[in-house]
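Asks: Quick one: the structure is below, questions incoming.
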Amino acid sequence: MPCGRPPAIKEKAVGLPISFEFFPPKTPEGVVKLRAVRQQLYRARPEFCSVTYGAGGSTHTGTFATVGEILAEGVAAASHYSCIGATRETVRVQLGELKAMGVTRLVALRGDLPSGYGMGGEFQYASDLIGFIRSETGDHFHIEAACYPEVHPQARSPEADLQALVAKVRAGANSSITQYFFNADAYFRLVDEARRAGIEAPIVPGIMPITSSTQLMRFSDACGAEIPRWIRSRLLAYGDDVASIRSFGLDVVTDLCRRLRDGGAPALHFYTMNQSQATLAVLDRLG
Ligand code: FAD
């Protein structure tokens with residue numbers, strides 16, 4: 001792709017609704033850079049953009065500020081919101097803040113506290129949070145839950161993890177977004193099992209573009225997403241050759257998205273890592 005000027009992406013060419021995920025920048029430079037990244041990504045006409053929320057409320061200000069900027073840019077924004085360590089009262093107050101800002105979409109999560117913090121708080125699971133949001137705010141929010149094609153690392157069993165998703169949908173989640181994965185069969189199996197368990201809500205695959213092997217391996221170790229051996233060994237063999245990593249990553253992720261689209265995925269949610277090029281390159285190829 002020519003440097004710095006990604007071609008316009010036509011919504012119909014991709015063939016599926018898409019959404020983008022950002023994290024709240026930590027520095028003023030990061031805020032400025034993310035604004036430019038968003039403008040580039042908006043060419044792909046996302047259905048919405050979401051902003052992550054640090055567990056324990058650590059990014060509350062940055063998350064809400066970024067969500068506010070996206071709304072002011074005329075794009076639908078979803079705030080992630082995690083309940084670990086939270087009380088009903090703080091959640092009630094912050095839901096009020098989000099409503100006052102005009103936010104109508106949430107990605108509602110349990111979250112993970114750094115080790116040593118313990119659980120604390122008045123919510124144990126994301127399903128408790130989702131039920132609370134519904135009881136407090138009715139149908140105001142469209143709520144997305146998280147789900148895990150390769151099973152959440154703390155789940156007692158795959159079946160228990162499926163039941164956790166059932167509980168989130170019964171509590172009021174409208175749809176769910178998956179953890180990223182590189183094995184399309186794991187996604188299709190989750191969808192089949194969810195349908196058999198009575199879940200009709202859409203299950204949207206989360207897509208992680210590959211731009212750096214060290215970053216990908218670090219994240220995957222932390223969240224329990226598997227990097228298949230054939231991908232891992234090639235990434236390791238490329239060493240510091242960033243161009244080859246990106247080119248290989250583009251092939252892998254585009255093929256994955258094609259399989260998901262052809263297999264009936266209802267939408268694609270991109271973990272952009274606050275970068276535009278890798279995501280736009282995939283969308284361009286999909287067109
Ligand atoms: P839960 O659904 O509560 O599940 C947590 C664990 O408990 C699972 O192992 C589940 O199987 C188990 N469980 C659930 N209910 C029960 C029950 N009734 N009995 C027994 N076991 C149960 N983290 C952040 O901190 N900020 C973010 O912005 C963020 N965004 C994310 C976005 C997406 C799309 C995804 C997939 C993940 C995101 N995460 C984020 C990570 C997420 O917070 C972690 O994966 C967390 O460990 C689990 O969150 P959850 O909402 O799936 O929790």
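The values are calculated or read from the model by the stated rules, or taken from the named source; none is laboratory data. Computed from a prediction, not measured in an experiment: that's the story for all the values here. So basically every Cβ, Gly included, is an ideal-geometry build from the backbone, and we count neighbours across all protein chains shown.
Asks: Residue by residue through region 137-165, note down the ones that are over 16 Å from S176 (Cβ atoms), part of a loop (DSSP other than H, G, I, E, B) and either near the ligand (Cβ under 10 Å from one of its atoms) or in contact with a helix residue (DSSP H, G or I) (Cβ under 7 Å, 6 or more places away or on another chain) (or both).
Replies: Correct list: H140, P153, Q154, R156, S157.
Asks: Scan (1) over 17 Å from the mean Cα position of the chain (by Cα); (2) within 25 Å of D262 (Cβ to Cβ); (3) within 13 Å of the ligand (Cβ to nearest atom) for the single condition A225 breaks and write down its number.
Replies: Among (1) over 17 Å from the mean Cα position of the chain (by Cα); (2) within 25 Å of D262 (Cβ to Cβ); (3) within 13 Å of the ligand (Cβ to nearest atom), the lone unmet condition for A225 is (1).
Asks: Go through region 176-202 and give me each residue that's within 11 Å of the ligand (Cβ to nearest atom) and either of a type in the set (S, T, N, Q) or within 10 Å of P149 (Cβ to Cβ) (or both).
Replies: If we filter region 176-202 for residues that are within 11 Å of the ligand (Cβ to nearest atom), which is where we start, we get 176-181.
Within region 176-202, S176, T178, Q179, Y180, F181 meet the criteria.
Asks: Return yes or no: is G85 small (G, A, S), in contact (Cβ under 8 Å) with a residue 24 or more places away in the chain, more than 22 Å from I207 (Cα to Cα) and assigned to a helix (DSSP H, G or I)?
Replies: For G85, the condition - small (G, A, S), in contact (Cβ under 8 Å) with a residue 24 or more places away in the chain, more than 22 Å from I207 (Cα to Cα) and assigned to a helix (DSSP H, G or I) - is not met.
Asks: Considering only region 181-239, state which residues are part of a loop (DSSP other than H, G, I, E, B), hydrophobic (A, V, I, L, M, F, W, C) and touching a Lys or Arg at 6+ places or on another chain (Cβ under 8 Å).
Replies: First pass over region 181-239, keeping only residues part of a loop (DSSP other than H, G, I, E, B): 181-183, 197-202, 208-212, 224-228, 239.
Going one step further and asking which of them are hydrophobic (A, V, I, L, M, F, W, C), we end up with 181-182, 197, 199, 201, 208, 210, 225, 227.
Across region 181-239, the qualifying residue is only I210.
Asks: Which is surrounded by fewer than 18 Cβ atoms within 10 Å (Cβ to Cβ) and touching a residue at least 12 places away in the same chain (Cβ under 8 Å), of G172, G239, G263, G249?
Replies: Working: G172 fails: surrounded by fewer than 18 Cβ atoms within 10 Å (Cβ to Cβ); G239 fails: touching a residue at least 12 places away in the same chain (Cβ under 8 Å); G249 fails: surrounded by fewer than 18 Cβ atoms within 10 Å (Cβ to Cβ).
Every option except G263 fails the conditions.
Asks: Exactly one condition in (1) out of contact with any strand residue (DSSP E or B) (no Cβ under 6 Å at 6 or more places or on another chain); (2) at pLDDT 95 or above is false for G57; which is it?
Replies: Result: G57 passes all but (2).
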